[in-house]
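The values are calculated or read from the model by the stated rules, or taken from the named source; none is laboratory data. If you're wondering where the values come from, they're calculated on a predicted model, not measured in any experiment. For neighbour counting, all protein chains shown are included, and Cβ atoms are generated from backbone atoms with ideal geometry for every residue, glycine included. Remember, those area values only see protein heavy atoms, side chains included, never the ligands or the DNA or RNA. Shrake-Rupley method; radii C 1.70, N 1.55, O 1.52, S 1.80 Å.
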Amino acid sequence: MGATRFPDDLVQTQHAWNATYDALAAPHRRDITALRRLLRLSVRLWWHPYWDTARSAPAAPTELRQLARTQ
């Protein structure tokens, strides 16, 4: 993978999405607030202005997820 430079707010949003998803995946976890947060973060990730300029890099979302996991 290349060294794509993502905006800090996009990486932070992906990191928050990962943390929320992991919390919801815990056994016996039923947190409607966390589910709503996950949905809100998903919308922010999907519609971030960065993607208007990065449409030509199909691997960029995967690279973003991996970058957020390593930080």
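Summary table
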| read-out | value |
| --- | --- |
| Low-density loop cleavage sites - chymotrypsin sites (Phe, Trp or Tyr not before Pro) in the chain, where at most 13 other Cβ are within 10 Å (DSSP) | W47 |
| Taking the convex hull of Cα positions in the chain, its mean projected area over all directions (nm²) | 5.0 nm² |
| Between 0 and 90°, nearest 10: helix 32-46 axis offset from the chain longest Cα axis | 10 degrees |
| Estimated 222 nm signal from helices in the chain, with DSSP H stretches of n ≥ 4 weighted -39500 (n - 2.57), rounded to 500 | -21000 deg cm²/dmol |
| Loop-resident sites, the chain, for trypsin sites (Lys or Arg not before Pro), counting at most 13 other Cβ within 10 Å (DSSP) | R5, R29, R30, R55 |
| Degrees, to the nearest 10: 8-25 long Cα axis against longest axis of the chain | 30 degrees |
| Angle in degrees between helix 60-70 and the longest Cα principal axis of the chain, rounded to the nearest 10 | 60 degrees |
| Accessible carbon and sulfur surface of the chain relative to its total accessible area, %, 1.4 Å | 58 percent |
